[in-house]
Amino acid sequence: MEKAYLVLADGHIFEGRRIGARGESLGELVFTTGMVGYLETLTDPSYAGQIVIQTFPLIGNYGVIPEDFEGKCAVKGYVVRELCDAPSNFRAQGSLDAFLKERGIVGICGVDTREITRILRESGVMNAAICDKLPADVEKIKAYTVSGEVANVSSKNECVYPADGETRYRVTLIDYGAKGNIVRCLNARGCEVKVVPHNTKAEDILKDEPDGIMLSNGPGDPTDNADCINEIKKLIGKAPLFGICLGHQLTALAMGGKTVKLKYGHRGGNQPVKDLLSGRTFITSQNHGYAVISDSLKSVGREIFINANDGSCEGMEYPGLNCFTVQFHPEACAGPKDTEFLFDRFLSMMEVGKNA
């Protein structure tokens, strides 16, 4: 393997070996703590604009399984301690290195991912570059920003996914970078799902008279999506609404709330979330760098989930508006399925609406 470097915006340099595509990559460096699920991570559009570090030391051991993909591979780069070049799995259809090359993803292995993660935990998320030659300075790296990625990863056209079996409900899913399993979870519960681009007007959504509306996950700073926020304002209260991840943040902003960038975010399949209504704690899958400030919504909403580690907001409901949102991923696979019941809650809201 060829020599490569990971250069952090604070000047740290890590020498390793090239994996994936040739070339240089610049992005926001983040870490994810999942022991499995690297395929779901690599195909989660919410990682657009970011270079991803896997904290688990061995990656690629079960190969590449297209059936497990969640969406478009949008990461800017990939960092692992050790890349397995001889995967063993009866479902595997190739190696991870070949996957990265095919999609033009620049990567590096053989670096101390534990040390890099410690740096990010202490200093916070920062920009980085994967390159063949050391840059003269880090000014270009420091100047990078994640911008416009929702438009890049969103669907360009409408698409309808039929329900598994009899159609019980019709759901419109606004795609800000949606993971495929959101659609599958709804289809399995008898929902026909119409996926629409991120910039679809509220009037066009409502004229179809959907039984429910879902707001998907997606990348970047939620405050960068002013047009999307304005359209959500027109949707709230018109039909049962369920938002996930970026959809949760955009809904909060549409309701007059505020968001904040977290020091290093929550990424991985082992994030503890406490249900404030029942007192139960769930293990959840997450991928986000921003959080809703629940106190900014006290007059209109109620916090229903919090992160058990840092107390940040993980869920809101808006009484009288048939609307609730969560920061974590109830549809996540691989990862815990503890919170899939939230889809059933959404179905109950649609059933009440149909019978009203």
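The values are calculated or read from the model by the stated rules, or taken from the named source; none is laboratory data. Owing to the predicted nature of the structure, the values given are computational and were not obtained by experimental measurement. Here Cβ is always computed from backbone atoms with ideal geometry, including for glycine, and neighbour counts include all displayed protein chains. The accessibility values were calculated without ligands, DNA or RNA, using every heavy atom of the protein model including side chains. Shrake-Rupley method; radii C 1.70, N 1.55, O 1.52, S 1.80 Å.
Can you tell me how many residues in region 26-40 are open to solvent by 10 Å² or more (accessible area, probe 1.4 Å) and under 13 Å from G77 (Cβ atoms)?
Count: 3.
In the list A98, A92, which residue meets the criterion of being more than 20 Å from Y5 (Cβ to Cβ), surrounded by fewer than 21 Cβ atoms within 10 Å (Cβ to Cβ) and touching a Phe, Trp or Tyr at 6+ places or on another chain (Cβ under 7 Å)? Break it down into steps so the answer makes sense when it comes.
On the way: A98 fails: touching a Phe, Trp or Tyr at 6+ places or on another chain (Cβ under 7 Å).
Only one candidate passes the filter, namely A92.
Mind listing whichever residues of region 1-12 are in a strand (DSSP E or B) and open to solvent by 90 Å² or more (accessible area, probe 1.4 Å)?
Initially, region 1-12 is screened for residues in a strand (DSSP E or B), giving 3-8.
The one that is in a strand (DSSP E or B) and open to solvent by 90 Å² or more (accessible area, probe 1.4 Å): K3.
Looking at (1) open to solvent by 80 Å² or more (accessible area, probe 1.4 Å); (2) in contact with a Gly (Cβ under 9 Å, 6 or more places away or on another chain), can you tell me which one Y169 breaks?
Going through (1) open to solvent by 80 Å² or more (accessible area, probe 1.4 Å); (2) in contact with a Gly (Cβ under 9 Å, 6 or more places away or on another chain) one by one, Y169 breaks only (1).
Do the conditions hold for D132, that is, is it closer than 13 Å to S25 by Cα, out of contact with any Ser or Thr (no Cβ under 9 Å at 6 or more places or on another chain) and open to solvent by 10 Å² or more (accessible area, probe 1.4 Å)? It would help to see each step written out before you state the result.
Details: closer than 13 Å to S25 by Cα: yes; out of contact with any Ser or Thr (no Cβ under 9 Å at 6 or more places or on another chain): yes; open to solvent by 10 Å² or more (accessible area, probe 1.4 Å): yes.
When the stated conditions are applied, D132 passes them.
Considering each residue of region 195-220, count those that are buried (at least 18 other Cβ atoms within 10 Å of the Cβ) and among the charged types (D, E, K, R), and give that number.
Within region 195-220, the first condition is being buried (at least 18 other Cβ atoms within 10 Å of the Cβ), and the residues that meet it are 195-196, 198, 200, 205, 210-220.
So of that shortlist, the ones also among the charged types (D, E, K, R) come out as 211.
Count: 1.
From the set of residues in region 336-349 that are outside any helix (DSSP H, G or I) and either of a type outside the set (D, E, K, R) or free of Cβ contacts under 8 Å to residues at least 40 places away in the same chain (or both), which is most open to solvent (accessible area, probe 1.4 Å)? Steps first, please.
Let us first name the residues in region 336-349 that are outside any helix (DSSP H, G or I), namely 336-340.
Subsequent filtering for residues that are either of a type outside the set (D, E, K, R) or free of Cβ contacts under 8 Å to residues at least 40 places away in the same chain (or both) retains 336-337, 339.
Values: P336: 26, K337: 119, T339: 3 Å².
It comes out as K337.
Table: residues versus (1) of a type outside the set (F, W, Y); (2) at pLDDT below 95; (3) assigned to a strand (DSSP E or B); (4) open to solvent by 20 Å² or more (accessible area, probe 1.4 Å).
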| residue | (1), (2), (3), (4) |
| --- | --- |
| H288 | yes, no, yes, no |
| V292 | yes, no, yes, no |
| S296 | yes, no, no, yes |
| E303 | yes, no, yes, yes |
| I306 | yes, no, yes, yes |
| N309 | yes, no, no, yes |
| T325 | yes, no, yes, no |
| A334 | yes, yes, no, yes |
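Which of (1) over 21 Å from the mean Cα position of the chain (by Cα); (2) under 17 Å from Y47 (Cα atoms); (3) open to solvent by 60 Å² or more (accessible area, probe 1.4 Å) is the odd one out, the single condition R118 does not satisfy?
It is condition (2) that R118 fails.
What tally of residues in region 13-23 results from selecting those that are surrounded by 20 or more Cβ atoms within 10 Å (Cβ to Cβ) and either more than 24 Å from R121 (Cα to Cα) or within 25 Å of the chain's Cα centre (by Cα) (or both)?
So the count comes out to 3.
Would you check which residues across region 172-185 are of a type outside the set (G, A, S) and either within 15 Å of G71 (Cα to Cα) or out of contact with any Gly (no Cβ under 9 Å at 6 or more places or on another chain) (or both) and list them? Show your work before the answer.
Going through region 172-185, the residues of a type outside the set (G, A, S) turn out to be 172-176, 179, 181-185.
Selection gives L173, I174, D175, Y176, K179, N181, I182, V183, R184, C185.
Which is buried (at least 22 other Cβ atoms within 10 Å of the Cβ) and aliphatic (A, V, I, L, M), of V352, V273? Walk me through it before giving the result.
Values: V352 fails: buried (at least 22 other Cβ atoms within 10 Å of the Cβ).
After applying the criteria, what remains is V273.
Mind telling me which of the residues I13, I53, I65, I59 ends up being of a type outside the set (D, E) and closer than 13 Å to A129 by Cβ? Break it down stepwise before answering.
Details: I53 fails: closer than 13 Å to A129 by Cβ; I65 fails: closer than 13 Å to A129 by Cβ; I59 fails: closer than 13 Å to A129 by Cβ.
Answer to the selection: I13.
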